[in-house]
Amino acid sequence: MLAADFLHLEKDVRMVNACADLFHLDVMDGTLVPNISYGFPVVEAIASLAEKPLDAHLMIVHPEKYIERFARTGVRYLSFHYEAAGEDSGAILDRIRALGMKAGLAINPDIPVETVFPFLEHADYILVMSVFAGFGGQHFIGETYGRIRCLKAEIDRRGLGTLIEVDGGVSPANAAALADAGANILVAGSSVFRAEDPAAAVAAMRG
Ligand code: ZN
């Protein structure tokens, strides 16, 4: 939703209701990442009209402070960054799950993917950033394919059901290759909201 038209948010929420599977909400604090996006008033407004699950991606320091509030807002998928939580990541993932949400751990492109291996049992999904967190509209980083394959191999080796979400520069042009590498959830912003036919862009990626 970072690429949505905030002057006509209702129109974009209805478009997502009609053609996509999730609302991905990028929450930035200007400290963990060099940008500020939006907070609870916007998330709550989207929640009031959303017919698909809300997937909140917290790019903030101290994500543990806001878990209950996101749960009350109706968020179903909640992820935060390893860079923000470090070795506390497992405990935070457990708290997210205890509140009935799916728990996700996110990493930027410069964090070795092996860093999240100790937390795989605690996570419902790993969010692999394919651009640096903080801005929409960036170009996809090609090394992401290898990182997804490496993560997927470890998940399979341990017999886990952890999903892989990819976020940043995702479009119909790379969706098939991402799925082949092992990605389960594709987050697309500009390539959908800036498309002449957003529903066709989503359908192309699902295909
Ligand atoms: Zn995101």
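Please treat every number below as a calculation from the coordinates, not as lab data. It should be emphasised that the depicted structure is a prediction, and the values quoted were computed from it without experimental measurement. With ideal geometry, Cβ positions are generated from the backbone for all residues, glycine too; neighbour counts draw on all protein chains shown.
When the helix-only estimate is applied to the chain (DSSP H runs of n ≥ 4, each -39,500 (n - 2.57), divided by the residue count), what is the mean residue ellipticity at 222 nm, nearest 500 deg cm²/dmol? Provide the component values of the computation, followed by the final result.
Numbers: 9 runs with 76 residues, N = 207.
Roughly -10000 deg cm²/dmol at 222 nm, from the helical runs in the chain.
Counting only other residues whose beta carbon sits under 14 Å from that of residue 37, what net charge do I get with K and R as +1, D and E as -1?
Working: positive: none; negative: 26, 29, 167.
Value of the local net charge: -3.
Excluding residue 154 itself, what net charge comes from residues whose Cβ is under 15 Å from its Cβ, given Lys and Arg +1 and Asp and Glu -1?
+2
Restricting to the chain, compute how many DSSP beta bridges are antiparallel as a %, nearest 5. Please report the intermediate quantities before stating the final value.
Details: 1 of 28 bridges.
Of those bridges, close to 5 percent are antiparallel.
Past the 25 Å Cα-Cα mark, which pairs from 11/152; 11/102; 11/65; 102/152? Display every interim value, and only then the final one.
On the way: 11/152 36 Å; 11/102 27 Å; 11/65 32 Å; 102/152 18 Å.
Flagged as over cut-off: 11/152; 11/102; 11/65.
Pick out, from 168, 46, 6, the residue whose Cα sits farthest towards the positive end of the charge dipole of the chain, with +1 on the Cβ of Lys and Arg and -1 on the Cβ of Asp and Glu.
The residue sitting farthest along the positive end of the dipole is 46.
Region 73-95 to region 97-129: how many Å between their Cα centroids?
When both Cα centres are located, 8 Å separates them.
Taking the beta-carbon count within 10 Å as an exposure proxy, list 11, 102, 52 from fewest neighbours to most.
Working: 11 10, 102 18, 52 15.
Taking fewest neighbouring Cβ atoms as first place, the list is 11, 52, 102.
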